[in-house]
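The values are calculated or read from the model by the stated rules, or taken from the named source; none is laboratory data. This structure is a prediction, so every number in the text was calculated from the model and none was measured. A quick note on method: Cβ atoms are made from the backbone with ideal geometry, for glycine too, and the neighbour counts reach across all protein chains shown.
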Amino acid sequence: MYNYDTTSLMNGLTNTMNSTSNAVQGIYIWTIVATVLAIVGSILIYFLFIKSKTNFKGGLKTLRDYLSGDLIHIESLAKMFYYAGLIYVILTSINSLITIGIGGADAGSCIMAFFAQLLLGPIIVRFVFEIIMMFIRIWKNTENLKKK
């Protein structure tokens with residue numbers, strides 16, 4: 001019969017478990033350190049940079065405006081997410097066609113799912129995008145009215 005050395009197997013498992021345990025402990029410690037640094041850093045940025053009465057110029061002024069929320073880029077980000085979502089929905093519709101080749105899936109229902117996602121997916125993504133843009137435009141209009 002076969003002669004297996006179980007002690008070396010158990011030593012290997014023990015070493016693997018110890019190294020995994022050490023890695024998890026390191027992750028926990030780093031999470032706590034990162035949390036403390038984030039809190040302290042945000043307090044320092046707020047009181048020393050944002051709340052400061054100093055008149056910054058150039059890049060520091062732009063950074064201050066960005067960090068304080070005066071420069072808003074949500075409209076550009078919404079457009080980028082719209083394009084990404086549109087491309088994602090169209091490309092993942094191909095998954096329905098791929099499942100035909102895997103077997104066990106009805107070809108007719110896979111083709112119907114492909115066309116349904118290919119046609120309805122972009123419409124749904126556009127609908128969600130327009131709702132988001134509606135809220136952004138309402139916000140922008142109220143900001144403009146507030147400035148007048």
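Condition first: part of a helix (DSSP H, G or I) and in contact with a Pro (Cβ under 8 Å, 6 or more places away or on another chain). Can you find one or more residues in segment 90-101 that meet it?
Scanning segment 90-101 turns up at least one residue that is part of a helix (DSSP H, G or I) and in contact with a Pro (Cβ under 8 Å, 6 or more places away or on another chain).
Just to be sure before I move on: is Glu75 assigned to a helix (DSSP H, G or I) and either within 30 Å of Asn55 (Cα to Cα) or touching a Pro at 6+ places or on another chain (Cβ under 6 Å) (or both) in the structure I sent?
On the way: assigned to a helix (DSSP H, G or I): yes; either within 30 Å of Asn55 (Cα to Cα) or touching a Pro at 6+ places or on another chain (Cβ under 6 Å) (or both): yes.
Yes; evaluated as a whole, the condition is true for this residue.
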So, Ile100, is that one touching a Cys at 6+ places or on another chain (Cβ under 7 Å) and either outside the structural domain of Thr62 (by TED's automatic domain parsing) or in contact (Cβ under 8 Å) with a residue 60 or more places away in the chain (or both) or not? yes
Scanning for something exposed (fewer than 12 other Cβ atoms within 10 Å of the Cβ), farther than 30 Å from Tyr46 by Cβ and of a type in the set (Asp, Glu), does segment 58-77 turn up at least one residue? no
Exactly one of (1) in a helix (DSSP H, G or I); (2) farther than 30 Å from Leu120 by Cβ is unmet by Phe56. Its number? (1)
